[in-house]
Amino acid sequence: MIRTRFAPSPTGFLHIGGARTALFAWAFARHHGGKFILRIEDTDLARSTPEAVQAILDGMDWLGLAYDEGPFYQMQRMDRYKEVIGQMLASGHAYYCYTTPEELEKMREEQLARKQKPRYNGTWRPEPGKTLPTPPADLKPVVRFKNPGEGVVAWDDLVKGRIEIANAELDDLIIARQDGTPTYNFCVVVDDWDMRISHVIRGDDHVNNTPRQINIFRALGAEAPQFAHLSMILGDDGQKLSKRHGSVSVMQYHEDGYLPEAVLNYLARLGWSHGDDEVFSMQQFCDWFDFDHVTPSAAQFNTEKLNWLNAHYIRQADNAHLAGVVGLRLEGRGVAITETPSLEAIIALYKERITNLNELADAAEVFFVDPAPSAELLAQHLTPEARPALADFIAGLAEVAWDAPAINALIKSCIGAHGLKMPRLAMPLRVLLTGQAHTPSVDAVVALFPRELALKRLSSALKSHH
Ligand code: GLU
């Protein structure tokens, strides 16, 4: 049974790197008909917040990354960790260490002065035939894991290939602090063990933790899961993703007008490929996903490609669905949407021209709120020569059949009668009706309005701007 998990620490938002990790873990489970588990690693009390937990849940929800089990919270599993620590002490895989932080610091300085790698010197580590010092009565100990002294820890990473670390490189890890609270690497192992995780899929910033964790699995008599460490994502500029370089919350993409389908499709290609396929559904992604096609090299973020995908998914999307999501955005701006003009019809006309939902909302908004064209646009397009043609157009508009071809014929007859070129009339029409100089075909734009509204906007503009 394939069981994967996403195990974020709730210390910020769900950022792009985290979302990609979650997506790959989700897709791998789906591919194999397994289970995907969400675990919130909230033991860092100083940095974890309920808001950050909510941000993770919201991000997963928006992306549609449904989990089969969880969310589990590590803070609710403290008793279990303590239980396992007790067992490890009893079995001799862990021991009390009374070395104080001050002594450790001194040890460190001396080792550095001797050009040695700083490490715990093993004073309290039990060995056969060794007599341990007498524990000081007034000092609370930490608990250390008794790491194997010799040999190597090795694993075949599903992304990075074989990795081997000599045990001599690994210190005896503290698994419980003086106050008894368990430490990070230990909790992860107990969780992955208890949750029967078959594949640990995570960012490669955790590679250094893996040999320690494997040793703890072994000490527990548990089989270690397989590991897949995903390479990092670089920003558009090739620098490590940071807040400044686009490491933003996935919910920011929601705010910025991206469809979740576009973000998912985009994330899927960050470090994974299926031939030259760029556009595919999540069903296809789950069908195709495997680690043979996950690259060990860093992936580079490409905003242009994301925008291209977003434009694609908006064009493909059902107009009624888009009307729903754009409608919410307009309501958020305080725009009252009426039945006419039809938001769906507006979207059908404009969606080919935009790359995000906010642009679509901008385009639609002017149909529901009287536009206020800038003085500049008015001066440029509402010219003395245009006015008489515009007046004729308004007169004709009261009777014309209400569709784009008929409106187009009316425009042509008005410019013909006044000896004008098309833009002379089309531009003021655009500006007066929508406040904008750039719109789709002007006859189609006019036809989107109810007749009364078009007449009202044109005639009142003509009256009020002299
Ligand atoms: N909580 C860790 C993080 O947010 C992930 C740990 C893991 O996946 O093993 O980076």
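The values are calculated or read from the model by the stated rules, or taken from the named source; none is laboratory data. Because the structure is predicted, anything quoted here is derived from the model rather than measured. Cβ: placed from backbone, ideal geometry, glycine included. Neighbour counts: every protein chain shown. Surface accessibility is based on the protein's heavy atoms, side chains included, excluding ligands, DNA and RNA. Shrake-Rupley method; radii C 1.70, N 1.55, O 1.52, S 1.80 Å.
Here are the numbers:
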item	result
Crossing angle, helix 184-194 versus the chain [Cα axis fit, 0-90 degrees, rounded to tens]	90
Solvent exposure of the chain as accessible area per residue, Å², 1.4 Å probe	47
Loop sites in segment 33-110: trypsin sites (Lys or Arg not before Pro), DSSP, at most 14 other Cβ within 10 Å	47
Sum of side-chain charges, residue 318 neighbourhood, beta-carbon under 14 Å (Lys, Arg +1; Asp, Glu -1)	0
Alpha-carbon centroid distance for the pair segment 292-306 / segment 401-466, whole angstrom	47
When each of 82/115; 305/412; 35/351; 305/456; 106/130; 106/160 is checked by Cα-Cα distance, pairs over 32 Å	82/115; 305/412; 35/351; 305/456; 106/160
Between 0 and 90°, nearest 10: helix 451-464 axis offset from the chain longest Cα axis	80
Folded to 0 to 90 degrees: helix 319-332 orientation relative to the chain principal axis, Cα	80
Ordering of 401-408, 343-350 by burial proxy (mean other Cβ atoms within 10 Å per residue, highest first)	343-350, 401-408
Where trypsin sites (Lys or Arg not before Pro) fall in DSSP loop in segment 295-353, at most 16 other Cβ within 10 Å	333
Value at 222 nm in deg cm²/dmol, rounded to 500, when DSSP H runs of n ≥ 4 in the chain each add -39,500 (n - 2.57)	-14000 deg cm²/dmol
Cα centroid separation - segment 134-194 against segment 250-272, whole Å	37
The chain: antiparallel DSSP beta bridges as a percent of all, rounded to 5	50
